[in-house]
1. Roughly how many whole Å is it from the C-alpha centroid of segment 91-109 to that of segment 205-223?
2. May I have the extent of the alpha carbons of segment 1-118 along their three principal axes, as whole Å values ordered from largest to smallest?
3. Specify the residue with the greatest mean-square fluctuation among ILE27, ILE192, ILE71, computed from a Gaussian network of the chain linking alpha-carbon atoms under 10 Å apart.
4. Springs between alpha-carbon pairs under 10 angstrom, Gaussian network model over the chain: which of ALA172, ALA266, ALA245 fluctuates most?
5. So between MET165 and MET105, what do we pick up on full extension, going 0.36 nm a residue minus the alpha carbon distance?
6. Want the number for ILE128 to ARG272: 0.36 nm per residue separation, take away the alpha-carbon distance, what's left?
7. If the elastic network links every pair of Cα atoms under 10 Å, which of ALA193, ALA254, ALA21 fluctuates the most in the Gaussian network model of the chain?
8. Could you work out the local net charge near LYS39, counting Lys and Arg as +1, Asp and Glu as -1, over the other residues with Cβ closer than 12 Å to its Cβ?
Amino acid sequence: MSAGSVKQGALSKAVLVLVYAFLYIPIITLVVFSFNESKLVTLWTGFSLKWYYEVLQDKEIISGFWLSLKIAFFTATASVILGTFAAVALTRYKRFPGRTLFSGMVSAPLVMPEVIVGLSLLLTMVTIQKWLGYPERGMMTIWMGHTLLGLAYATVVIQSRLTEMDKSLEEAAMDLGSKPLQVFGLITLPLIAQSLMSAWLLTFTLSLDDVVLSMFLSGPGSTTLPIVIFSRARLGLNPEVNAVAAVTIAAVSAFVIFGSIYMARAEKKKQREISAAFREANQ
């Protein structure tokens with residue numbers, strides 16, 4: 001191995017370490033100071049759990065946390081369902097009237113500023129409420145806004161998996177007499193299960209920490225956790241915010257770890273089934 005290759009490898013590792021440090025040191029610092037006894041969040045005076053106790057007694061934070069979890073769960077579920085339909089339409093049907101417009105509308109939230117999306121949704125909701133008297137701004141409107149954003153991300157993730165998938169498996173099933181819905185349920189869905197889980201976790205996280213859309217679409221009694229944290233941070237640093245952020249990081253990390261383990265086991269199981277099928281075919 002040449003000296004140039006060694007230097008290049010060392011430089012790559014150093015850059016990687018710096019990038020990880022830049023990303024994770026602030027998060028680690030926040031978690032550490034959530035156990036700080038002092039009310040001054042930048043001055044360490046000793047280990048304490050009192051801020052977690054204070055959070056448990058804070059009804060506004062608890063209410064916002066559960067509301068955020070509910071909205072994130074329903075947003076992720078709806079985004080994956082709608083994103084799957086959109087991805088199938090874009091990958092399996094190359095030509096249909098309005099395909100270009102449909103593709104552009106699905107991808108628009110990815111490149112459009114959230115402020116513009118939130119303002120547009122707010123005006124739309126106000127107009128609909130004026131005509132029909134429903135829906136009032138609250139959990140429903142926040143969920144609809146988050147689903148619009150999550151749909152775009154879910155479609156991209158699922159579409160990439162469908163593009164890579166071997167279409168001959170679906171064609172073989174249809175040649176054997178399976179109907180399109182049977183092929184979709186028995187062949188397509190199991191093969192894209194990992195991308196569905198990835199899309200669910202991604203959209204869940206996006207919904208859980210969204211501030212802009214939530215502020216535009218929230219109403220009285222429907223304050224999500226990010227709005228509570230943002231409102232308190234504007235008035236000054238509060239140790240309770242560190243504790244809430246630490247709990248949120250732990251919850252999201254648990255979801256990600258669980259999802260990663262599930263996907264890894266599913267991939268191993270699929271590989272074992274493929275190997276077993278090949279062995280049976282060669283016997």
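1. So the two Cα centres are separated by 28 Å.
2. Reported extents, whole Å, longest axis first: 66, 62, 24.
3. Ranking ILE27, ILE192, ILE71 by mean-square fluctuation puts ILE27 first.
4. Ranking ALA172, ALA266, ALA245 by mean-square fluctuation puts ALA172 first.
5. The span from MET165 to MET105 would gain 19.2 nm if fully extended.
6. 46.6 nm
7. Greatest mean-square fluctuation among the candidates belongs to ALA21.
8. -2
The values are calculated or read from the model by the stated rules, or taken from the named source; none is laboratory data. Please read these numbers as outputs of a predicted model, since none were measured by experiment. Positions of Cβ are generated from backbone atoms using ideal geometry, with glycine treated the same way; all protein chains shown enter the neighbour counts. What goes into the accessible areas is simple: the full protein's heavy atoms, side chains included, and nothing from ligands, DNA or RNA. Shrake-Rupley method; radii C 1.70, N 1.55, O 1.52, S 1.80 Å.
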